[in-house]
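Data first, discussion second: the structure below is written as structure tokens.
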Amino acid sequence: MTKHKSNQKLNTVNEIISKGVSRNVLQLRTEDYTYNGRTVHVRGQELINFGSCSYLGLEMDDRLKQGAIDAIQRYGVQFSSSRSYLSNTLYTEWESLLEEMFDAHVVTSTSVSLGHHAVIPVVVDPGDLIILDQQVHASVQDAVTKMKAQGIDVQIVRHNKLDELEKKIMSLKHQYNRIWYMIDGVYSMYGDFAPMKELVEMLDRHHNFHLYADDAHGMSIAGKNGTGVILSQVDFHPKMILATSLNKAYGAGGGAFFFKDKDLYHKVKNCGGSFIFSGGHQIPVIGAGIASARIHLSEEIYERQRKLKDRLRYCHYLLKEVHDLPVVSNVDSPIVYVGLGLVRVGYNMVQRVINDGCFVNLGVFPAVPETCTGLRFTITLHHTMEDIEKLCNILAYHFPRALEDENRTLSDIYRAFKHVPHFQLKKQEVQPVIQRSKNGFEVIHKQSIDEIDESLWNSLMSNQITMNWAGIRLLERTFSSNDAVENNWDFHYLILKDTTGKAVAATFFTLAMVKDDMLSASGVSNQIEELRKEDNYYLCSKTLVMGSLLTEGNHLYIDRNRTDWTTALTTLLDQIWEIQEQADANAVWLRDFHSDDDELTDFFMDQGFLKVNLPDTNIVYGIQSNPFAKYMESIPAKRRKYLKTGIFKHHDAFKTRIVTEYDKSELDRWYELYSQVKNASFEVNSFAQPIKLFTEMLNDPSFEVIEYTLKTDDGSDKVVGITFSHINEKYYNGILLGFDYNYLKTHDIYKQILYRTRLRAEELNCDRIYLGFTASEVKQKFGAIGIPQISMIQMKDHYNLSVLNLYSESRSIHKRERMLINVR
């Protein structure tokens with residue numbers, strides 16, 4: 001894996017969490033000497049705690065406390081022994097009570113997460129298939145990752161899309177012994193429920209279909225004996241394994257896994273890793289667990305469920321009917337999610353609510369998509385109706401003010417959540433974000449470069465990107481009226497002017513079909529390309545790309561000397577999001593920014609964009625003041641020897657010509673050479689360029705095409721290389737190349753091309769050469785400087801990304817040893 005791809009996901013999450021910590025909304029600690037269940041003290045302030053998952057308030061119940069105390073008095077703080085040898089006496093009573101509650105066999109675990117790692121590897125056999133709901137809890141996904149390393153096939157379906165699930169079952173049921181669908185009963189961010197009645201019908205309909213369900217947030221709040229939301233809807237199906245938490249509404253600690261199949265229960269208990277290799281629960285947890293189980297087996301549990309439901313219904317009534325706030329969650333869920341849209345609105349809103357005396361949570365990526373930031377809170381029996389009224393009034397007061405502070409509207413929220421179940425927003429409240437003029441700026445939006453003054457465009461952009469007005473015009477001609485979807489691009493040009501008519505910002509975008517794995521590791525793309533032989537657009541998304549896939553450089557002109565440059569950029573983003581919405585594009589991709597531009601990076605992250613590292617772009621600067629002959633004298637002897645050997649050993653065998661005329665056979669040969677290079681590496685995995693691009697560049701005076709021939713052993717000349725470059729005033733920009741791989745090692749053809757490209761740029765009096773991504777080590781030996789770059793990406797739907805992560809984590813990924821060359 002190349003440097004720019006390593007730990008990308010971890011680095012992104014780390015940056016987001018670090019921002020939350022710096023804004024005082026994440027990783028906080030209480031300062032209380034004792035708890036009362038209702039309030040906590042944070043940073044010297046007493047807050048009503050709307051962040052607890054102890055929905056029934058049992059963690060403060062005197063009976064659970066006394067159960068824990070009695071257990072400690074009798075057995076001490078812990079019983080330090082592997083459970084495969086000996087377990088504490090109290091387990092007998094606790095597990096017996098749990099089995100009575102569920103009418104099923106139980107294995108208890110010290111946490112639900114550890115339990116998944118013990119249970120899943122035992123119940124899923126070789127020859128089985130795992131299908132994950134896209135939003136199943138991270139602890140399940142983490143455990144499943146290890147199954148992939150054992151060769152178990154894993155797939156994903158969109159959240160709660162049972163039609164997609166059934167299609168997979170129908171098409172795959174004869175290929176696998178069993179098909180496991182893994183879900184949550186209550187999903188932990190939006191608080192929506194799994195469609196259990198329909199899933200049970202599918203269990204009955206398909207003999208090898210099985211269900212693995214985690215009802216952690218549903219435990220205790222519903223169902224007979226408080227057995228959870230899932231069992232409140234359906235009976236315990238024999239082909240279902242049920243996991244649940246004893247650490248939330250149950251009020252004690254740990255997790256429990258229930259089985260109808262006695263043999264499977266014994267197998268899990270005997271073979272589950274954390275059940276046999278680690279210690280048991282702490283003694284007070286078991287004591288409290290016994291006390292809680294007795295409450296669950298009494299009539300009291302139903303009274304607690306009723307009181308909680310009253311609070312939930314009252315809360316939703318206030319939020320939706322009285323205050324008309326954008327609530328996303330299920331009315332029967334103790335998890336409440338209010339959509340806010342951009343992450344900076346989230347920071348603003350959460351800080352406001354905390355300052356007004358209520359502790360709430362921020363829902364942010366990676367728990368939700370980047371544009372689906374929200375305020376997440378929970379309702380428990382510790383809350384009074386007055387507490388709930390206070391919070392809802394606070395939310396209603398601060399919601400419009402947070403939007404106003406951040407210069408946002410309800411349109412953000414509608415755009416982000418319109419496809420989420422339970423979300424409702426009155427359409428008349430959603431106003432268009434963009435008018436012709438906003439924030440004192442005039443937004444000029446054109447869809448052809450012909451509508452933009454050439455001199456204006458070049459004055460703003462020509463020194464920043466690798467193609468000038470004429471080069472982009474060629475792209476417009478090339479990527480239109482083609483048969484293949486990927487070869488038809490929509491162009492969008494944006495210029496922002498102030499009240500004096502001065503341009504303060506400019507950029508352009510292309511709307512194109514993009515491979516989602518374009519920047520993934522080569523091994524990932526290698527696997528996906530095999531599947532694309534059957535479906536050419538597998539894991540591809542309609543994407544709004546800043547610039548184009550054939551241009552490089554800083555595609556964003558912004559006058560940052562102005563004090564209002566962030567306002568200008570926000571106005572520009574609003575127009576971009578409107579274009580995205582109208583085009584129904586899944587992603588917006590902003591590129592190529594310097595990696596050390598923290599100010600711009602922070603700005604985009606506050607708008608909900610994720611930072612993604614790009615490969616270094618390679619640029620040779622100052623070639624007129626430092627021509628190649630002079631450069632050779634200045635470099636270390638080892639590098640000089642490397643270049644001389646690679647260049648001059650076969651120098652006289654090569655001939656070049658600047659192509660002015662050609663025939664079809666020559667064009668076909670050049671395209672075949674390009675295809676060799678394109679297919680040799682997935683370092684930057686894009687669609688192959690159409691041959692129409694070749695003909696357009698050959699016929700455009702702003703492009704230069706150089707053919708390389710080699711005198712072979714039989715004395716004939718063979719075409720072995722081709723380069724296409726764009727000349728943009730003083731810049732020589734490599735666009736595409738191709739060469740015959742048979743001569744890569746024997747004749748150092750790639751080095752020969754780099755050498756002659758540099759000489760040609762010197763001859764044309766150019767001062768800079770853009771050599772593009774990849775093969776940085778070789779290019780930098782010819783004097784290029786690698787410029788670290790980042791892009792900022794924002795997606796509406798993370799489904800393809802979730803699928804892509806499966807390939808990224810797969811054991812079958814093997815690094816391919818390939819020459820990294822410029823394949824733009």
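The values are calculated or read from the model by the stated rules, or taken from the named source; none is laboratory data. Model, not experiment: these values are computed from the prediction. Ideal geometry is used to build each Cβ from the backbone, glycine not excepted, and the neighbour counts take in all protein chains shown. Protein only, heavy atoms only, side chains kept; ligands, DNA and RNA dropped before computing areas. Shrake-Rupley method; radii C 1.70, N 1.55, O 1.52, S 1.80 Å.
Annotations
- Yes/no for SER80 being closer than 23 Å to GLY287 by Cβ and assigned to a loop (DSSP other than H, G, I, E, B): yes
- Residues located in segment 651-668, provided they are surrounded by fewer than 18 Cβ atoms within 10 Å (Cβ to Cβ), farther than 22 Å from ARG477 by Cβ and either in contact with a helix residue (DSSP H, G or I) (Cβ under 6 Å, 6 or more places away or on another chain) or not aliphatic (A, V, I, L, M) (or both): HIS651, ASP652, LYS655, THR656, ARG657, SER665
- The condition of being β-branched (Val, Ile, Thr), modelled with pLDDT under 95 and touching a helix residue (DSSP H, G or I) at 6+ places or on another chain (Cβ under 6 Å) holds for only one of VAL25, VAL21, that being VAL25.
- The residues of segment 545-583 that are open to solvent by 10 Å² or more (accessible area, probe 1.4 Å) and aromatic (Phe, Trp, Tyr), listed by number, are TYR557, TRP565.
- Of all the residues in segment 229-262, those that are under 21 Å from MET202 (Cα atoms), of a type outside the set (S, T, N, Q) and not in a strand (DSSP E or B) number 11.
- Residue check, TYR265 aromatic (Phe, Trp, Tyr), part of a strand (DSSP E or B), within 30 Å of HIS174 (Cβ to Cβ) and touching a strand residue (DSSP E or B) at 6+ places or on another chain (Cβ under 7 Å): no
- Test: residue in segment 610-624 that is part of a loop (DSSP other than H, G, I, E, B) and either free of Cβ contacts under 8 Å to residues at least 40 places away in the same chain or under 20 Å from PHE508 (Cβ atoms) (or both): no
- Members of segment 207-223 that are open to solvent by less than 10 Å² (accessible area, probe 1.4 Å), assigned to a loop (DSSP other than H, G, I, E, B) and either closer than 12 Å to SER333 by Cα or in contact with a helix residue (DSSP H, G or I) (Cβ under 7 Å, 6 or more places away or on another chain) (or both): ASP215, GLY218, MET219, SER220
- Verdict on GLU777 being open to solvent by 10 Å² or more (accessible area, probe 1.4 Å), under 22 Å from ASP616 (Cβ atoms) and not in a strand (DSSP E or B): yes
- Among the residues of segment 468-504, those that are in a strand (DSSP E or B) and among the aromatic types (Phe, Trp, Tyr) comprise PHE491, TYR493.
- Failed item in (1) open to solvent by less than 30 Å² (accessible area, probe 1.4 Å); (2) without any contact (Cβ under 8 Å) to a residue 60 or more places away in the chain, with SER232 passing the rest: (1)
- All of (1) in contact with a strand residue (DSSP E or B) (Cβ under 9 Å, 6 or more places away or on another chain); (2) surrounded by 17 or more Cβ atoms within 10 Å (Cβ to Cβ) hold for GLU59 with one exception: (1).
- Close contacts from segment 629-641, counting a first residue that is closer than 15 Å to ARG758 by Cβ and polar (S, T, N, Q) and a second that is open to solvent by less than 80 Å² (accessible area, probe 1.4 Å) and outside any helix (DSSP H, G or I), with Cβ to Cβ under 8 Å and a gap of 6+ residues or different chains, come to SER634/ASN626.
- Restricting attention to segment 98-134 and to residues that are of a type in the set (Ser, Thr, Tyr) and within 30 Å of the chain's Cα centre (by Cα), the residue that is surrounded by the most Cβ atoms within 10 Å (Cβ to Cβ) turns out to be SER113.
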